[in-house]
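Have a look at the structure below, then the notes.
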């Protein structure tokens, strides 16, 4: 069961569009559901002049995907579907299947107004940023109500597929390679002149090419970080539950936050009292605060120290991405999802489940992915566990910067640390990799 849930704010306005370039959002601000959608011409004018993206016609993309037929379908995300298409490598004209280069084409749902905003964010960021660990955006389409994006095709799909859906597990060496690639991508964003906060780092947004090189995809939620003397930006709540930093999930007016938690505590106490009367079998399946466990514990520890006393808003910084990175790294170590409602002990949050083990070098080996068959470096596993714990600190000020995380990871790959020592049962067979293709949105 996929337990990832998108976090959104029903009071969201449109002031969150990225400022790349600075005036790229002027026609989008303040638009309400009752107003007319921004015209395609107006949106097209927001595409940065400096970007090298190809502007595709809708008919060309229809041809490239054979009219978006089911055989070309790769998967579906929150704001649209992804299709496989073929184009000429030089002219970008549509071609027959097997001729030219294969691309992934994301087609926005016409009724998804929030998707317009995310479409524009992707064009702005990926149209100007180039890095080996960012997925390449080739072009876009903006005709009438049609919004499409054309990406390089990532043949091995998403990290999520390989960790949780593939029959064949990925090896320890490959996991190390992937986590370093992800760290390089995030570190690149955080160290730009104007920091970029990714805001939606999760396993399904990490895509893999044929050589298992990892690239970050889906920049629809990215935004500029603080500038000048500012230490943070105040913003709406977006992201994915289980990956989002606790201080960021707790966004909102302070008085509303306090009142909502008072009501929540009353709710929990009432149902816990009733739960005691349930038979043991039912009690195992019933837990009123199961979904809220990770949010409740972490928010109460960090809410007031991270709130803005003047505005009642909570702060978004690059450290929010560091927390999400810690969760992805924990998934790579354990082979378990960030959220799993079927996890024993009412601990659907992977963070809550794993934290007691992370600080103990002996106990931490209990959380390692059993599908590795013991074939991993004990020293590296312990170092990564300590790094996860640092990334998951409740107070964001105590989390490391991404460049420091990257340094730690790269040091593990130096010749002195490159001697592989497998932990226990050396007679386990090493499972070979095979290409695994799963129809999911993460092929984009």
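The values are calculated or read from the model by the stated rules, or taken from the named source; none is laboratory data. Computed from a prediction, not measured in an experiment: that's the story for all the values here. Cβ placement follows ideal geometry from the backbone for every residue including glycine, while neighbour counts extend to all protein chains displayed.
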Q: Could you please give the count of residues in segment 52-80 that are within 27 Å of the chain's Cα centre (by Cα), in a loop (DSSP other than H, G, I, E, B) and closer than 13 Å to residue 140 by Cα?
A: 2
Q: Please state which one of 92, 83 is outside any strand (DSSP E or B), touching a strand residue (DSSP E or B) at 6+ places or on another chain (Cβ under 9 Å) and at pLDDT 95 or above.
A: 92
Q) Looking at segment 366-380, is at least one residue within 26 Å of the chain's Cα centre (by Cα), closer than 19 Å to residue 201 by Cα and in a helix (DSSP H, G or I)? A) no
Q. Taking segment 95-122, which residues are touching a helix residue (DSSP H, G or I) at 6+ places or on another chain (Cβ under 9 Å) and assigned to a helix (DSSP H, G or I)?
A. 116, 119, 120
Q) Which one is surrounded by the fewest Cβ atoms within 10 Å (Cβ to Cβ) among residues in segment 391-404 that are within 19 Å of the chain's Cα centre (by Cα) and in a helix (DSSP H, G or I)? A) 403
Q.
Residues that are touching a residue at least 12 places away in the same chain (Cβ under 8 Å), farther than 18 Å from residue 177 by Cα and touching a helix residue (DSSP H, G or I) at 6+ places or on another chain (Cβ under 6 Å): does segment 368-381 have at least one?
A. no
Q) Of the residues in segment 178-212, how many are within 18 Å of the chain's Cα centre (by Cα) and under 24 Å from residue 400 (Cβ atoms)? A) 24
Q | Every residue from segment 196-212 that is surrounded by fewer than 20 Cβ atoms within 10 Å (Cβ to Cβ) and touching a helix residue (DSSP H, G or I) at 6+ places or on another chain (Cβ under 6 Å) | A | 212
Q) Restricted to segment 94-106, and to residues that are surrounded by 14 or more Cβ atoms within 10 Å (Cβ to Cβ) and farther than 11 Å from residue 153 by Cβ, which residue is farthest from the chain's Cα centre (by Cα)? A) 95
Q.
Looking at segment 171-187, can you tell me whether even one residue there is surrounded by fewer than 23 Cβ atoms within 10 Å (Cβ to Cβ), within 23 Å of residue 83 (Cβ to Cβ) and touching a residue at least 60 places away in the same chain (Cβ under 8 Å)?
A. no
**Q.** Among residues of segment 136-173, those that are within 23 Å of residue 117 (Cβ to Cβ), at pLDDT below 95 and in a loop (DSSP other than H, G, I, E, B), counted
**A.** 2
Q) Is it fair to say residue 355 is at pLDDT 85 or above and closer than 26 Å to residue 195 by Cα? A) no
